[in-house]
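The structure under discussion appears below in the form of C-alpha cells.
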Amino acid sequence: MTIEEVNASVPDIVNKFSTNVKNIYNLGARSFWILNTGPIGCLPYILANFQSAQRDSYGCAKPYNDVAQYFNHKLKEGIVQLRKDLPLAAITHVDVYSVKYSLFSKPKEYGFELPLVAYCGYGDIYNYGSSGCGETITINGNQIFVGSCERPSIRGNWDGIHYTEAANKFIFDQISTGFFLDLPTPLKMACHNI
C-alpha cells in the first residue's frame, strides 16, 4: 500500500475501533484507556526496509511518522465523539506517540544510546536484517549466533519492532505522571467516573 492508500483507510479503521468500544461498553465496560500509536517511522524495521523514505532531523522515516500522526489525529477525534456518545464511560486518551518519540529526539537526556538501532539482531546500520534475535547465521563460512548486545538498560529497541524493558519502563514512568493523558477527570479519579 502507498502512504496515500494507508491514510485513506484510517477513517474506516477508527470507525471500526469506535464501534468495538461501543460494543464493549454495551457489555458493561465503563473505564477505557485508549493509547494512540507510536512513531513507527523510528523503528529499525521500517528504517531498514524503507531506506529511501525521507528522514526527519532525528533519522526517523518522516512519511511513516506522518501516517502515525494522521491516525492519532483521527483517533483523537473518535475519542471526542465516544465521550459524547458514552457519557457514563471514563475514557482516557494516552499519548504514547509523544513519549516514545522523545526516546528518539532526546535519547541522551533519558539515558539511552543508539535509539534507531535494534539491541538484538544482525544486519545493516540498524542492526536489523533477515536474521532475528536467537538465530544462528552463516557469514563467510562462520556460524554466528545472533544475540543481544551489552548494557540493555541504555538501549530502546529490542528487535527492530519491540521496545526494550528499559524503554518500556521509561514509557510507563512518563505516562504514569499523568502529563501524557487526556482525560476529563484527574488521573486519581479516572476509574471512578462511573
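What to note about this one:
- Here 13, 79 are screened, and the one residue that is under 20 Å from residue 183 (Cα atoms) and among the aliphatic types (A, V, I, L, M) is 79.
- In the set 103, 82, 47, 75, only one residue is touching a Leu at 6+ places or on another chain (Cβ under 7 Å) and either assigned to a helix (DSSP H, G or I) or within 19 Å of residue 11 (Cα to Cα) (or both); that residue is 47.
- Residue match in segment 69-82 (condition: at positive phi and open to solvent by 30 Å² or more (accessible area, probe 1.4 Å)): no
- The set of residues from segment 50-68 being assigned to a loop (DSSP other than H, G, I, E, B), surrounded by 15 or more Cβ atoms within 10 Å (Cβ to Cβ) and of a type in the set (Phe, Trp, Tyr) comprises just one member, 58.
- Which numbered condition residue 114 misses (of (1) open to solvent by 40 Å² or more (accessible area, probe 1.4 Å); (2) assigned to a helix (DSSP H, G or I); (3) touching a residue at least 12 places away in the same chain (Cβ under 8 Å)): (2)
- Across segment 8-44, the number of residues qualifying as in a helix (DSSP H, G or I) and open to solvent by less than 30 Å² (accessible area, probe 1.4 Å) comes to 8.
- Among the residues listed as 126, 97, the single one being modelled with pLDDT of 85 or more, assigned to a loop (DSSP other than H, G, I, E, B), aromatic (Phe, Trp, Tyr) and surrounded by 18 or more Cβ atoms within 10 Å (Cβ to Cβ): 126
- Qualifying residue in segment 161-171 (condition: in contact with an Asp or Glu (Cβ under 9 Å, 6 or more places away or on another chain) and modelled with pLDDT of 80 or more): no
- Within segment 24-68, considering residues that are of a type in the set (Ser, Thr, Tyr) and at pLDDT 95 or above, the one farthest from residue 114 (Cα to Cα): 25
- Under the condition of being open to solvent by less than 70 Å² (accessible area, probe 1.4 Å) and not polar (S, T, N, Q), the residues counted in segment 153-178 number 13.
- The combined condition, being closer than 15 Å to residue 43 by Cα and touching a helix residue (DSSP H, G or I) at 6+ places or on another chain (Cβ under 8 Å), is fulfilled by residue 123.
- Residues of segment 152-183 classified as part of a loop (DSSP other than H, G, I, E, B), of a type outside the set (Gly, Ala, Ser) and touching a residue at least 12 places away in the same chain (Cβ under 8 Å), total: 7
The values are calculated or read from the model by the stated rules, or taken from the named source; none is laboratory data. No experiment lies behind these values; they were computed from the predicted model shown. Neighbour counts run over all protein chains shown; Cβ positions are idealised from the backbone, glycine included. Accessible surface areas use protein heavy atoms only, side chains included; no ligands, DNA or RNA. Shrake-Rupley method; radii C 1.70, N 1.55, O 1.52, S 1.80 Å.
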